[in-house]
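First the structure, in the form of structure tokens, and then the observations on it.
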Amino acid sequence: MVRAQELNQPDSLRYLPFIPADRLQSELRVNFNKAGTHLANLYARAGIEHTFAQNRFFSAFGTETRTPGYTLVNAGIGADVVNSQAKTLFSIYLTGTNLFDVGYQSHLSRLKYAAFNPTNGRSGVFNMGQNVSLKLLVPLVFK
């Protein structure tokens, strides 16, 4: 939470510009040291990022506008694949962000004030939607 305001000012000048909205993040993660003979360091996680509406903004001269709140849901799993000598062959991770494809704009984004887009019927540029990524790490050993 960030609070910043100038005292003894009218409402449009009271709040300082570019103050981020309040945000709450939580994550639940489960780690498994051994999961079978070929998986190690297995984990699963789920998280929620909630950004509250920003109603405290510098509105003088049309500088900033109110930004609505939003909630994002994220999840991921990962593990090391090992051989019979417990040597890591590779690591693999699967991560999903904004799983429910919420359309949102960060209060600090200057792109939120872009012109009306007739293609999607919205004003401004929205942040990235649903994203799923797969990451493969292969250790290389040079002797």
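The values are calculated or read from the model by the stated rules, or taken from the named source; none is laboratory data. Being a predicted model, the structure only gives us computed values, none of them experimental. Cβ atoms come from the backbone with ideal geometry, glycine included; neighbour counts cover every protein chain shown.
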#### Entry: Cross-chain or 6+ apart pairs with Cβ under 7 Å, the stretch 18-36 first and closer than 17 Å to Gly76 by Cα and free of Cβ contacts under 8 Å to residues at least 40 places away in the same chain, then among the β-branched types (Val, Ile, Thr) and not in a loop (DSSP other than H, G, I, E, B)
Ser26/Ile48
### Query
Looking at Leu39, is it modelled with pLDDT of 90 or more and over 30 Å from Leu140 (Cβ atoms)?
no
### Single residue of the stretch 52-74 satisfying the filter (of a type in the set (A, V, I, L, M) and at pLDDT 90 or above) that is surrounded by the most Cβ atoms within 10 Å (Cβ to Cβ)
Leu72
### Query
So which residues in the stretch 102-133 are more than 19 Å from Thr67 (Cβ to Cβ) and at pLDDT 90 or above, if there are any at all?
Gln130, Asn131, Val132, Ser133
### Summary
Glu49 vs (1) charged (D, E, K, R); (2) without any contact (Cβ under 8 Å) to a residue 12 or more places away in the chain; (3) surrounded by 14 or more Cβ atoms within 10 Å (Cβ to Cβ): all pass except (2)
### Message
If I go through the stretch 16-47 residue by residue, how many of them are outside any loop (DSSP other than H, G, I, E, B) and more than 22 Å from Tyr70 (Cα to Cα)?
### Response
12
#### Entry: 2 or more residues more than 28 Å from His38 (Cα to Cα) and in contact (Cβ under 8 Å) with a residue 24 or more places away in the chain: qualifying strands (runs of 3 or more DSSP E) within the stretch 56-143
70-82
### Task
Being surrounded by 13 or more Cβ atoms within 10 Å (Cβ to Cβ) and either β-branched (Val, Ile, Thr) or at positive phi (or both) is the filter here, so list the residues in the stretch 19-43 that pass it.
Ile19, Asn41
### Query
With respect to Pro10, is the statement that it is surrounded by 11 or more Cβ atoms within 10 Å (Cβ to Cβ) and modelled with pLDDT under 90 true?
no
